[in-house]
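Report on one structure; see the data block that follows.
None of the figures in this text is laboratory data; all of them are computed from the coordinates on show. This structure is a prediction, so every number in the text was calculated from the model and none was measured. Here the Cβ is made from the backbone with ideal geometry for all residues, glycine too, and neighbour counts use every protein chain on show.
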Amino acid sequence: MPARRVVLITGGSRGIGAAVAQLAAGRGYDVAITYRSEHEAAEQVLAACRSAGARAVACRGDVAVEADVVRLFDEAEAALGPISHVVNNAGITGKSGKLAQTSAETIRACIDINVLGALWVAREASRRLPQSPGDGARTIVNISSVAASLGSPNEYVWYAASKGAIDSLTIGMAKELAPEGIRVNAVSPGMTKTEIHERSTQDAGRLERLRPHIPLGRIGEPGEVAEAVLFLMSEAASYITGANIPVSGGR
Ligand code: NDP
C-alpha cells in the first residue's frame, strides 16, 4: 500500500490555512494544522477535515518559538506518521500605519512570526522531509504576498519586507533541496477575505477602497489561494520548483 500523504499547515485554524487544510483533506491528504491561540477555530477545521475522510490533528504552538516548532512537527508525526508536505502559512501584519509612526513592538512581532517563524518551520521541514517516503511528491509551499513587490506604502512596509524575505527563502530552499527531490515554491496572495484585515485595522472600508485597484474587480476567497497551493503540492507540478504564483486578481 502506498504511504499516506501528510501535510502540515502552520496557521491552519483560520483563513487561508484553514482553506488549504480542508481542500487537502478532500483530496486525500492527512492533515496536521497548527495554531497559536484559538482552539475552537482549530476544532472546527479538524471536524471539516475528518468529515472529508482525512485523519486530522491540531497542534498548538507559536511558530516564532524555535522549540515550539520542533514540538509541532514531533506531535504531528506522532499522530499521522512522516510529514511529506509543509505549508508555511502562519503570519500577521500588525496594526497598519506609516513606518515612521510604527512601534518597535509591532515591527518585531511581525518579523518574529513572518520571518523567524517561517525560517524555523522551513529548517524543520528541510530536516524531516528528506526522511519521508511520502507518495513520491514532497513539497514545501511558503505563503508570501504580493506586498513583497508592491511595498505596501503607508500601510505595512515592514510586513512587505517580511514577505520579501519569504521570496528569497523560497529561491534558496528550492535550490538547496532539489537534489533531495523536494520541491519548494511560494504562493503570493493579493487581497483575500480573511480576518487578518480586521485584526490589523479599524478601517472597515479599506477593502472596498482597494477593490478598484484589483484588475479582476473583487477581493479573493481563501479557497482560491488554496487551489494554487494544492496544485504546487501535486504531481501535476512535478517540474516546478522555486516558483512564486500570484493569486491576486491581477494586482
Ligand atoms: P488569518 O489571520 O486569517 O490567520 C492566521 C493564522 O495564523 C491563524 O491560524 C493564526 O492562529 C496563525 N498564527 C498567527 N500567528 C501565529 C504564530 N505566532 N504561531 C502560530 N500560528 C500563528 O490570516 P490569513 O489566512 O489571511 O493569512 C495567512 C497567510 O497569508 C499569512 O502569511 C499572510 O501574511 C498571508 N497573506 C494574506 C493575505 C490576505 O489578504 N488575507 C494577502 C497576502 C498574504 P491563531 O489565531 O491561533 O493565532
HN-Hα J in Hz across the stretch 36-47 - Karplus 6.51, -1.76, 1.60, θ = phi - 60°, x for Gly and Pro: 9, 9, 9, 4, 4, 4, 5, 4, 5, 5, 4, 4
Could you tell me the ratio Rg/Rh of the chain? Both radii from Cα atoms, Rh via Kirkwood. 0.95
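Given Cα pairs under 8 Å that are at least 6 residues apart, what percent is the relative contact order of the chain?
Details: 521 pairs, mean separation 50.9, N = 251.
Worked out over the chain, it gives 20 percent.
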Can you return the lysines within cross-link range of residue 193? Criterion is Cα-Cα under 20 Å, with same-chain partners fewer than 8 residues away left out. 95, 163
If I stretch the segment between residue 195 and residue 218 completely, what's the gain in nm (0.36 nm per residue apart, minus their alpha carbon distance), one decimal? 6.6 nm
Sequence order, the stretch 142-151: Karplus ³J(HN,Hα) from phi using 6.51 cos²θ - 1.76 cosθ + 1.60, θ = phi - 60°, Hz rounded, Gly and Pro as x, gives 8, 8, 9, 6, 5, 4, 4, 9, 7, x
For 213, 85, what ranking results if the residue with the fewest other Cβ atoms within 10 Å of its Cβ goes first? 213, 85
Which ³J(HN,Hα) values, rounded to whole Hz and listed in residue order, are derived for the stretch 171-177 from phi using the Karplus coefficients 6.51, -1.76 and 1.60 in 6.51 cos²θ - 1.76 cosθ + 1.60 with θ = phi - 60°, glycine and proline given as x? 5, x, 5, 4, 6, 5, 9
Under 5 Å, built H, 5+ apart or other chain: amide partners of residue 243: 186
For the charge dipole of the stretch 143-251, defined by +1 on Lys and Arg C-beta atoms and -1 on Asp and Glu C-beta atoms about the Cα centroid, which residue among 179, 237, 214 has the Cα displaced farthest towards the positive pole? 214
Degrees separating the helix 66-80 axis from the principal Cα axis of the chain, which is the longest one: 40
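On full extension of the chain, what length is gained from residue 227 through residue 50, given 0.36 nm per residue of separation minus the C-alpha to C-alpha distance? Let's see the in-between values first.
Values: separation 177, 0.36 × 177 = 63.72 nm, distance 1.93 nm.
So the extension gain works out to 61.8 nm.
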